[in-house]
């Protein structure tokens, strides 16, 4: 992406990502409130990201289509919002959301499709939403992570991603987005870049090396 001229067409994934990400501007992720100043320090410091914190929305966000598709279930009968994830394994796992890594067009097969992993294809209705979780892990085998966060058809869908692979991907995409020249005629990828930077920060905080 270095040396990209101001008038050169953007890569397809960037164009699609810009259109999808624009739907999300102004939406604030719900985060847990900070602990009270008088609260005693915990014996073991855990990652600040709580399990089950994924927003109940597809990409683009559900509020863009909620008026037309208000139901709690998808067209295949699965719930749009699954049960909270098991607790994080401090220092070894952190549960994130599918869209913490950007839209599907950006991910390019990083953790699989945005729809359920047990489905062969994406033949779903426009209002369907898939509560897919990404478990980033370090210091644990993939088998151990799979046992802690199993994928069960209709109940849970966890994708596993090593810390190193997650950070390599985030570093690459953040650098690509940062190399784009400012141009009022193109999409503003600043919000998407900041979202990926936030995800990278969570991983570094929760899985320090």
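Coordinate-derived values only; no laboratory data. Keep in mind it's a predicted model, so treat the numbers as computed, not measured. Ideal geometry is used to build each Cβ from the backbone, glycine not excepted, and the neighbour counts take in all protein chains shown.
The table that follows gives values for the structure above.
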{"item": "Ranked list, fewest to most other Cβ atoms within 10 Å of each Cβ, for 79, 207, 180", "result": "79, 180, 207"}
{"item": "Residue order, fewest to most surrounding Cβ atoms within 10 angstrom, among 129, 75", "result": "75, 129"}
